[in-house]
Structure formats: structure tokens, C-alpha cells
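Read-outs throughout are calculated quantities, based only on the coordinates presented, and are distinct from any laboratory measurement. Predicted model, so just to flag it, every value in this text is computed and none were measured. No Cβ is skipped: glycine too gets one built from the backbone with ideal geometry, and neighbour counts run over all protein chains shown.
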Amino acid sequence: MMSSLFLMVEIPKDDPVAFTFFTGYMAMFAASVFFFFERGRVKGKWKTSLLVSGLITGIAAVHYYYMRDYYAQTGENPTALRYIDWTLTVPLMCVEFYLLTKPAGARLSLLWKLILASVLMLVAGYIGEAFTDGSTGHSVMWGVISTVGYVYILYTAWFGEVKQLADNSGNPTVIRGIRALAWFVLVGWAIYPIGYMCMEGGWLNIAFGWEPSNVDLFYNIADAVNKIGFGLVVYNIAISDGFSDEGKLAQA
Ligand SMILES: *C/C=C(C)/C=C/C=C(C)/C=C/C1=C(C)CCCC1(C)C
């Protein structure tokens, strides 16, 4: 909307959803600047990973800019924007797993399996939210289908191919890094289903009367934790390998 360019979007003091949309936007933006700048300082083999970290938070920042506005104008959940964001950024998180395990022999098929699982997770979640009739049956059915994709990624990171490749790498930094990412998938990603269950007809909505506006509150918190957190883990792996010659100069 043209007018939104010129209007100050007011953030009501008693609206944590609006607040987290705004802070989420700033945090993602700042994280991207950080990852893109630091990319110049790490060794060559880590540059692509840092680029992907910056892309994840950068894509999210752009979506947060629009979601914040959408929510401020309508007071509704920006479901479509949310899922477009995730459809771009979750596969990029799969790329991070792939890049970290590639030196240990990861093949492209691993990346495709992870991406396919995330597409299943997100398409089912989108149907669950966007085409809801407000019934618990609809919410639970698509939530369960979505969880199948989630559990596949979780399994791969903790016990499956990703974990085995990390072990085979014999590189303690990579092993620790992959374990940290696996923790993010287990704990950080589990915040999303909590948000989902606040939708109309969702289990937390039915059982405790949690309002559907909390969907975005949980999603915003989870996004900040996971997208910036993932990037920082990758950054830590990269710098534990020392800096590039240029990077050393910059540090001196
Ligand atoms: C940057 C965005 C990320 C890491 C998004 C992750 C999203 C999920 C792990 C969503 C999972 C869902 C379920 C496991 C069941 C209910 C529906 C979803 C899509 C919220």
C-alpha cells in the first residue's frame, strides 16, 4: 500500500505481537549485516556457509518488514507471508547441514531428502492454518502430517545421515557444531507447533483458551532464536578455524 510509505506505523504498548514483529525485523536485519561483513574475514571454505546464514536472516528481515505492516494495518496473522518466508529459509537451513557435512562426503541426495521433508512440513502446516474451518479435526490432521516432515529432519540431524557424516568427519568442531544445530531443531523448532496449536480449534486454544494472536507471538520468538541462532553456530564453527589473511589484518 502506497500510503504505508508515508505513515508512521504505531506500535501499541500493550501489543506484544506488534512489538515482536518490529524487534524481529531489526534483529534479522542486524544479523544479516553481521554475517555478510564477517563473511569477508573467515577462511574461504566457510564463506558459502556464512553467505547462506546472511541470506536466511536477510530473507526473513524483508518478510518481517511486510508482516509487521500487514499486522499493524489489519490486526490479522500474515499467514501467507509467513509461509513464503519459511519456504525459502527452511530449505536454506537444510543447505547449512549439507555444506557442513559435505567435506565428510554428504551427497546431494541428502540435501533433497531434507528439503522434501521441510516442504511436506510447511505445505501441511499452511493447509492447516490457511484453510481452517475452525475445527479441531482440521488443525490436528494437518498438524500431524506436518510433524512427520519435522520428525524426519529431527531424526536425520540426531541419529541419521547428518549425524553419521559429522562423526565420520573426525573434526571435533564440525561434530560439536552439528550437535548444536540438532539442539536447535529439537528445542527451537518445537516452539512452532506450540504457536500452531493456538490457532482457532487448536489444542492449546481449546484446552487453555490461548488466543489465535499468540500464533504469531510464538512464531516471532522462534524465528529469532532459530534463524539467528543457526547462523551464529555456523559462524562459531568458521572462526574456530581461524581467520583468512585479510581477516587477520582487519583484526589487528
Ligand atoms: C526460519 C523458520 C523455521 C526454522 C521454521 C520452522 C517451522 C517449523 C518447524 C514448523 C513446524 C510445524 C509443525 C511441526 C506442526 C504444525 C505446523 C508447523 C508448520 C507449525
Study note, to complete from the structure: Footprinting proxy, Val187, Val95: sorted fewest to most Cβ within 10 Å, the residues are Val187, Val95
Review point. Glu246 versus Arg179, label points 7 Å from Cα toward the beta carbon: distance in nm?
Key: 3.4 nm
Point to revise | Where only C-alpha atoms are counted, convex hull volume of region 145-252 per residue in Å³ | key: 118 Å³
Point to revise | C-alpha center-to-center spacing [region 14-77, region 176-235] in angstrom | key: 16 Å
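Let's test the formula: R0 of 35 Å, r as the Cβ-Cβ distance of Val151 and Lys45. What FRET efficiency results, to the nearest 0.05?
Details: r = 32 Å, r/R0 = 0.90.
Calculated value: 0.65.
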Practice item. Rounded to the nearest 10 degrees, what's the angle between the helix 16-39 long axis and the longest principal axis of the chain, both from Cα atoms, 0 to 90? Key: 20 degrees
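Taking neighbour Cβ counts within 10 Å as the exposure measure, how do Lys113, Lys248 sort from fewest upward? Don't skip to the answer; put the middle values down first.
Values: Lys113 16, Lys248 11.
In increasing order of surrounding Cβ atoms, one gets Lys248, Lys113.
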Exercise for review: Compute the acute angle (0 to 90°) between the alpha-carbon long axis of helix 108-130 and the principal axis of greatest extent of the alpha-carbon atoms of the chain; round to the nearest 10°.
Suggested key: 10 degrees
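So between Thr23 and Leu232, what do we pick up on full extension, going 0.36 nm a residue minus the alpha carbon distance? Display every interim value, and only then the final one.
On the way: separation 209, 0.36 × 209 = 75.24 nm, distance 1.81 nm.
Between Thr23 and Leu232, full extension yields 73.4 nm more.
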**Study point:** Residue list for region 129-144, given a label point 7 angstrom along the Cα-to-Cβ vector of Leu116 and an amide N cut-off under 13 Å
**Key:** none
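Can you give the longest run of the chain that contains no chymotrypsin sites (Phe, Trp or Tyr not before Pro) sitting in a DSSP loop with at most 11 other Cβ atoms inside 10 Å? Present the calculation step by step, with values, prior to reporting the outcome.
On the way: sites that count: Phe6, Phe131, Phe159.
The answer is 7-130.
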**Study point:** region 12-251 - convex hull of the alpha-carbon atoms, volume per residue in Å³
**Key:** 113 Å³
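Taking every pair of alpha-carbon atoms in region 87-160, give the share separated by more than 21 Å as a whole percent. Write out the running numbers ahead of the final one.
Details: 870 of 2701 pairs.
Everything past 21 Å amounts to 32 percent.
So, with +1 on the Cβ of K and R and -1 on the Cβ of D and E, and no other charges, what is the size of the charge dipole of region 12-251 about its Cα centre, to the nearest 20 debye? Write down the numbers at each step before the final one.
Working: 16 positive and 18 negative charges, 228 e Å.
The calculation lands at about 1100 debye.
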Review point. What order do you get for Lys47, Lys227 when you list them from fewest to most C-beta neighbours inside 10 Å?
Key: Lys47, Lys227
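Suppose only helical runs count, i.e. DSSP H with n ≥ 4. What mean residue ellipticity at 222 nm does that imply for the chain under -39500 (n - 2.57) per run, divided by all residues and rounded to the nearest 500 deg cm²/dmol? Write out the running numbers ahead of the final one.
Numbers: 12 runs with 182 residues, N = 252.
Helix contribution divided over all residues of the chain: -23500 deg cm²/dmol.
Can you give the local net charge around Ala180? Use residues other than it whose beta-carbon is closer than 13 angstrom to its beta-carbon, Lys and Arg +1, Asp and Glu -1.
Values: positive: Lys163, Arg176, Arg179; negative: Glu96.
Local net charge: +2.
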Review point. Relative to the first principal axis of the alpha-carbon coordinates of the chain, what is the inclination of helix 79-101, with its axis defined by its Cα atoms, in degrees from 0 to 90 and to the nearest 10?
Key: 20 degrees
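Figure the gain on full extension for Phe208 and Val62 (residue separation times 0.36 nm, minus the Cα-Cα span) and round it to one decimal in nm. Write down the numbers at each step before the final one.
Values: separation 146, 0.36 × 146 = 52.56 nm, distance 3.35 nm.
Answer, rounded to one decimal: 49.2 nm.
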